[in-house]
Amino acid sequence: MKYFKTIIITFLLTAGLSINLFAQKFEELALTPPMGWNSWNTFQTNINEQMLRDMVDAYVLSGMKDAGYTYFVLDDGWMAMDRDANGSLVADPKKFPTGMKAFADYVHSKGLKFGIYNCAGTKTCAGYPGTHGYEYQDARLYASWGVDYLKYDWCNTDSINARDAYLTMSRAIRAAGRPMVFSLCEWGNHAPWLWAKNVGQLWRITSDIHAGFDKDLSNGSWSSYSVMHIVDLQDKIRQYAGPGHWNDPDMLEVGKGMTVDEDKAHFSLWCMLAAPLIAGNDLRKMTPQTIAIQTNKELIAIDQDSLGVEGFKYYDFDGMEIFVKPLKDNNLAVCFLNRSGRPQNIYWDWKAHTITDGITKLNIDFNNSTYILRDLWAKKDIGTTAKILKQPIASHQVVMLKLTKTN
Ligand code: GLA
């Protein structure tokens with residue numbers, strides 16, 4: 001009897017431990033904002049296996065992987081138009097002649113993680129089979145292919161309840177047993193920041209982005225948002241982001257047509273916002289400037305700071321804006337942006353301004369503490385907060401600083 005009891009106790013302890021480890025695997029999926037590449041912004045549905053294999057190679061060769069990018073995500077357009085006789089999704093055999101498992105294996109063989117796309121509706125936004133009604137079956141299929149990340153969209157969802165739909169898919173992923181980052185993409189229509197913390201790891205907060213600095217692009221019945229339009233929507237929801245659950249201001253448009261200064265501003269602001277960094281450009285054809293922007297490790301470290309606090313707009317006057325992001329070890333990132341169309345001069349007396357933040361209880365008086373200033377684009381130290389910062393700043397340029405506390 002004693003022997004029997006020991007067996008039961010050992011069994012329960014082992015089962016408890018594995019459930020715990022299993023839960024932990026999901027909980028720890030995105031302790032810092034996910035980083036990767038996604039096919040949509042450049043290719044839409046014009047994807048095929050050879051081009052994507054070349055993209056995987058370029059991902060590694062260009063230094064993106066070394067800079068911390070991990071996920072390789074296929075967006076809409078990877079499927080055949082119909083499910084098979086068993087109701088399973090099928091990769092389009094013309095676009096993926098060796099099949100999705102072989103492609104996923106290739107991604108994994110390069111040390112990257114593999115992501116895929118579907119939609120909570122009856123069809124995806126581009127008209128391919130949606131997941132509505134097939135959640136558990138699709139999740140099992142993705143797990144069998146080795147999918148590590150699922151972007152889950154919101155087209156063709158008439159009469160579907162958003163919260164229920166995303167919760168069902170989240171449960172389906174867990175039931176399938178393979179940890180996958182779950183990226184909600186309902187464009188902020190149902191305030192996911194209020195309910196999705198335990199459903200997925202990131203949620204889109206707006207309509208689609210386009211490669212424009214401050215002007216939206218009309219697509220007829222809807223508009224794609226500019227970088228600055230999206231930034232302006234952030235402050236009121238920043239308290240909902242944190243390790244494991246992030247506001248997603250959409251993918252990067254670096255290297256897709258804005259000026260180099262605008263690309264740097266866009267990238268800096270995404271880092272200030274602790275945004276997921278999902279590149280959207282053609283990695284096979286990057287200019288040296290685009291590579292330098294997307295692989296700037298000091299900038300990426302601001303985005304990936306383990307405190308996981310989304311930055312905020314601290315100052316806004318006459319086209320000059322200042323953003324602040326609290327970092328671990330009482331350090332700080334400060335981003336000066338000239339949003340105006342004319343050159344300006346930064347003249348900033350640190351000691352004349354305190355910085356406070358109700359959410360992190362930050363309260364900095366530069367008369368009491370001095371910080372070393374490091375310019376993260378110039379990659380050099382430029383003095384301390386003991387002196388007034390004076391420097392010209394061109395239109396749509398940023399000066400991106402890390403402040404390290406000295407006392
Ligand atoms: C929506 C999403 C985009 C992209 C397309 C695919 O518009 O917001 O990011 O996934 O669908 O059709």
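Counting Lys and Arg as +1 and Asp and Glu as -1, what is the net charge of the other residues whose Cβ lies under 15 Å from the Cβ of Lys387?
Details: positive: Lys351, Arg374, Lys390; negative: Asp349, Asp375, Asp381.
Summing Lys/Arg as +1 and Asp/Glu as -1 gives 0.
Within segment 342-386, list the residues whose amide N lies under 12 Å from a label point set 7 Å along Cα→Cβ of Ala394.
The answer is 343-344.
Can you give the helix-only mean residue ellipticity at 222 nm for the chain, where every DSSP H stretch with n ≥ 4 adds -39500 (n - 2.57) and the sum goes over all residues, rounded to the nearest 500 deg cm²/dmol? Show your work: numbers first, answer last.
Details: 11 runs with 116 residues, N = 407.
When only DSSP H runs of four or more count, the value is -8500 deg cm²/dmol.
Can you give me the % of accessible surface on the chain that is carbon or sulfur? Probe 1.4 Å, all protein chains present, nothing else counted. Don't skip to the end; give the middle numbers.
Details: 9280 of 17560 Å².
Roughly 53 percent, rounded to a whole number.
HN-Hα J couplings of segment 191-199 from phi, Karplus 6.51/-1.76/1.60, θ = phi - 60°, integer Hz, Gly and Pro as x?
Those phi angles translate into 6, x, 4, 7, 9, 9, 3, 9, 9 Hz.
Comparing Met51, Met251, Met100, which has the greatest mean-square fluctuation in the GNM of the chain with Cα pairs linked when under 10 Å apart?
Among Met51, Met251, Met100, the largest GNM mean-square fluctuation belongs to Met51.
Can you say what percent of the DSSP beta bridges in the chain, counting only those with both residues inside, are antiparallel? Round to 5.
Details: 40 of 64 bridges.
The answer is about 60 percent antiparallel.
Simple spin-label model, 7 Å along Cα-to-Cβ: Ser369 to Lys25 in nm?
Between Ser369 and Lys25, the label points sit 4.0 nm apart.
Please get the size of the charge dipole for segment 276-328, origin at its Cα centre, with Cβ charges of +1 on Lys and Arg and -1 on Asp and Glu, quoted in debye to the nearest 20.
Numbers: 6 positive and 8 negative charges, 63 e Å.
Its charge dipole is roughly 300 debye.
Take every Cα pair under 8 Å in the chain that's 6+ residues apart, average their separations, divide by the length, and report that relative contact order as a whole percent. Please report the intermediate quantities before stating the final value.
Working: 843 pairs, mean separation 52.2, N = 407.
Reported relative contact order: 13 percent.
Taking a 18 Å limit on the Cα-Cα distance, which of the listed pairs Lys264/Lys297; Lys361/Lys387; Lys151/Lys285; Lys25/Lys113; Lys236/Lys402 fall beyond it? Numbers along the way, then the final one.
On the way: Lys264/Lys297 13 Å; Lys361/Lys387 25 Å; Lys151/Lys285 25 Å; Lys25/Lys113 15 Å; Lys236/Lys402 24 Å.
Flagged as over cut-off: Lys361/Lys387; Lys151/Lys285; Lys236/Lys402.
On the first, second and third principal axes, largest extent first, how far apart are the outermost C-alpha atoms of the chain in Å?
70, 64, 43
Which whole-angstrom value gives the distance between the alpha carbon centres of segment 151-180 and segment 245-262?
Between the Cα centre of segment 151-180 and that of segment 245-262, the gap is 26 Å.
Find how many whole Å separate the alpha carbon centroid of segment 358-387 from the alpha carbon centroid of segment 29-89.
38 Å
Would you tally the net charge around Ala292, using a Cβ to Cβ cut-off of less than 14 Å, leaving Ala292 out, and scoring K and R as +1, D and E as -1?
Values: positive: Lys264, Lys297, Lys379; negative: Asp66, Asp261, Asp263, Glu298.
Net charge in that neighbourhood comes out at -1.
Taking the Cα centre of the chain as origin, sum charge times position over the Cβ atoms of Lys and Arg (+1) and Asp and Glu (-1), and report the length of that vector in debye to the nearest 20.
In debye, rounded to 20, the chain gives about 1100.
Within the chain, which cysteines find no other Cys whose Cβ is under 4.7 angstrom from their own?
Cys119, Cys185, Cys271, Cys335
For segment 312-405, build the charge dipole from Cβ charges (+1 Lys, Arg; -1 Asp, Glu) around the Cα centre, then report which of Met400, Ile346, Met320 sits farthest towards its positive end.
Met400
Considering only protein heavy atoms, what per residue accessible area in square angstrom results for segment 312-405 with a 1.4 angstrom probe?
Values: 4540 Å² over 94 residues.
On a per-residue basis, 48 Å².
Can you name the helices of the chain, as whole DSSP H runs, whose Cα span along the helix axis is 27 Å or more and whose Kyte-Doolittle mean is not below 0.5?
Values: long enough: 2-27 (37 Å, 0.82).
Sorted by number, the helices that extend far enough and score high enough are 2-27.
With label points built 7 Å along Cα→Cβ from the Cα atoms of Thr356 and Ala378, find their separation and express it in nm.
Result for the modelled spin labels: 3.2 nm.
The values are calculated or read from the model by the stated rules, or taken from the named source; none is laboratory data. Source: prediction; values computed, not measured. All Cβ positions, even for glycine, are placed from backbone atoms using ideal geometry, and neighbour counts span all protein chains on display. Please note that ligands, DNA and RNA were not included when accessible areas were found on the heavy atoms of the full protein model with its side chains. Shrake-Rupley method; radii C 1.70, N 1.55, O 1.52, S 1.80 Å.
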